[in-house]
Amino acid sequence: MTDAEAVDAAPMIRYDPDRPLPLHPLVYLADGEEVTVGRPDTDSYGGFPPDGAELVRRLEQGATPREVAAWYEQEYHESVDMDDVIAALHELDFIRSSEEPESAAAPLRWRRLSRAVFSVPAWIIYGALVAWAMLAMAWRHDLVPNYRHVFFTEYYTIIQATLFVAAIPQLLLHESFHALAGRRLGLRSRLSIGRRLYFIVLETSLDGLVAVPRRKRYLPIVAGILADVVVMAVLTIVADLTREPGGAFSSTGRFCLAFAFAILLRILWQFSFYLRTDLYVLIVTALGCVDLHTTAKRMLSNRVNRLLGRRHRLHDEADWHPVDRRVARWYSWLIVVGYTVSLTTFVAAVVPVVYQMFTGVLSRFTGGGATWAELLDSIVFAGFILVQLAVLGWMALRDRYRRREQRLYHVIA
């Protein structure tokens with residue numbers, strides 16, 4: 001279905017051309033050749049050309065549809081179809097019904113906390129903690145993250161369970177920093193659960209960022225990484241300060257180093273640009289892209305198909321946004337870098353940990369001499385791994401089913 005057919009299929013909205021159209025309070029943000037118009041109370045936003053945004057602004061200010069149409073024709077020397085305009089505003093839920101009271105954004109909670117978390121004193125503390133941790137690692141190399149730190153105890157179930165439980169508040173803190181950075185700007189947020197490759201992730205949606213000046217979007221985007229870096233620094237400092245008299249790490253210190261290594265994997269994962277991580281969003285925002293990921297993937301595909309002589313499989317480049325096309329020329333190689341980072345991290349960090357754990361489990365079952373506690377630990381550990389794989393498999397099937405439903409919907413439409 002074409003855009004024109006979609007408009008024709010849209011229900012006719014009844015309105016009086018000589019009476020002002022009741023609109024909810026709207027916000028406007030000019031960014032390049034497009035103006036974002038939206039309702040911050042419902043996070044409903046749409047992109048308009050500058051003349052269209054000015055038309056909506058005049059409607060919101062109380063001009064009647066007939067007056068706005070006359071103004072548009074006088075200003076731009078062409079007529080405008082007000083039926084289409086009003087249908088679009090209705091679809092975005094900008095129009096207020098006669099019985100509906102004028103919307104007012106609900107007061108946001110945690111505004112005071114958000115200002116404190118990103119205040120100047122807070123930034124000084126964050127910087128001091130990170131600097132302290134880096135100096136400690138430079139002075140004592142056993143603090144440098146290493147996959148061997150994961151084995152802070154000989155019982156694999158305890159390793160899995162404690163790191164899993166500890167990861168929950170850390171993930172919540174990561175997403176809370178995103179949300180608080182948004183609340184500092186007066187933005188609402190939503191928290192959801194998703195999957196990225198072999199990671200189960202929490203995701204914070206800040207739809208209102210599209211109506212915020214670009215320079216103010218950066219902190220909400222990278223705030224989660226900031227939280228990870230600060231927590232990793234604190235864990236390193238605690239591990240160093242809790243050493244035993246002989247210089248060996250205490251049980252608390254060993255756990256802190258294990259958890260710090262797990263957080264480091266999360267930070268490295270942010271460089272897997274092909275998964276649309278926080279760093280990907282940062283690049284897209286800074287460069288003003290529209291759909292960089294899709295364009296870059298298709299550009300890579302075209303390069304490979306040209307190299308293999310498969311001209312019939314080339315993607316049409318005519319529909320690519322000019323900014324996306326320009327950036328994708330070099331960003332497409334970052335996708336390759338992202339795959340390289342993921343594979344390198346997996347081989348250098350994840351594989352050694354998994355190998356050591358599973359060889360340890362097998363040796364307990366086949367080598368003899370294992371205590372009942374070690375055997376029980378191995379059984380519970382294996383079951384824990386199977387549960388995680390089952391959850392990942394279920395989420396993968398769920399995502400595939402949703403994509404299939406969407407494709408079916410587009411075919412029917």
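The values are calculated or read from the model by the stated rules, or taken from the named source; none is laboratory data. Everything numeric in this text was worked out from a predicted model, so none of it was measured. Methodologically, a virtual Cβ is constructed for each residue, glycine included, from the backbone with ideal geometry; neighbour enumeration extends over all protein chains shown. Quick note on the areas: whole protein, heavy atoms, side chains included, nothing else; ligands and nucleic acids left out. Shrake-Rupley method; radii C 1.70, N 1.55, O 1.52, S 1.80 Å.
Brief remarks on what is shown
- Taking label positions 7 Å along the Cα-Cβ direction at both Q74 and S363, the computed distance is 8.8 nm, reported to one decimal.
- S301 versus V391: modelled label distance in nm, points set 7 Å from Cα along the beta carbon direction: 3.3
- Karplus (6.51, -1.76, 1.60) ³J(HN,Hα), θ = phi - 60°, over the range 370-387, in Hz, Gly and Pro reported as x: 6, 6, 5, 5, 5, 5, 4, 4, 5, 5, 5, 4, 4, x, 4, 5, 5, 5
- Summing Cβ point charges (Lys, Arg +1; Asp, Glu -1) relative to the Cα centre of the chain gives a dipole of roughly 2040 debye.
- Farthest towards the positive end of the charge dipole of the chain, among the residues L185, I267, S378, is the Cα of S378, using unit charges on the Cβ of Lys, Arg, Asp and Glu.
- Between R188 and G208, the built amide H atoms are under 5 Å apart, and every one of these is 5 or more places off in sequence or on another chain.
- Taking all protein chains together and a 1.4 Å probe, the residues E374, E60, E244 rank E244, E60, E374 from largest to smallest accessible area.
- Residue-by-residue Karplus 3J(HN,Hα) for the range 207-223, coefficients 6.51, -1.76, 1.60, Hz, glycine and proline x: 4, x, 4, 5, 9, 10, x, 4, 5, 8, 7, 5, 4, x, 6, 9, 4
- For the range 167-193, backbone nitrogen atoms closer than 14 Å to the point 7 Å from V234 Cα along Cα-to-C-beta are found at 167-177.
- Distance from the range 43-77 to the range 248-294 (C-alpha centre basis), Å: 43
- Local electrostatic count, G253, Cβ distance below 11 Å [Lys/Arg +1, Asp/Glu -1]: -1
- Long-range amide H partners of L23 with built H, under 5 Å: R96
- Against the chain, whose longest principal axis comes from its Cα atoms, helix 351-366 is set at around 50 degrees.
- Net +/- balance of residues flanking P17 in space, Cβ distance below 15 Å, scoring K and R +1, D and E -1: -3
- Overall form of the range 115-262 per C-alpha gyration tensor (a/c, 1.5; a/b vs b/c): oblate
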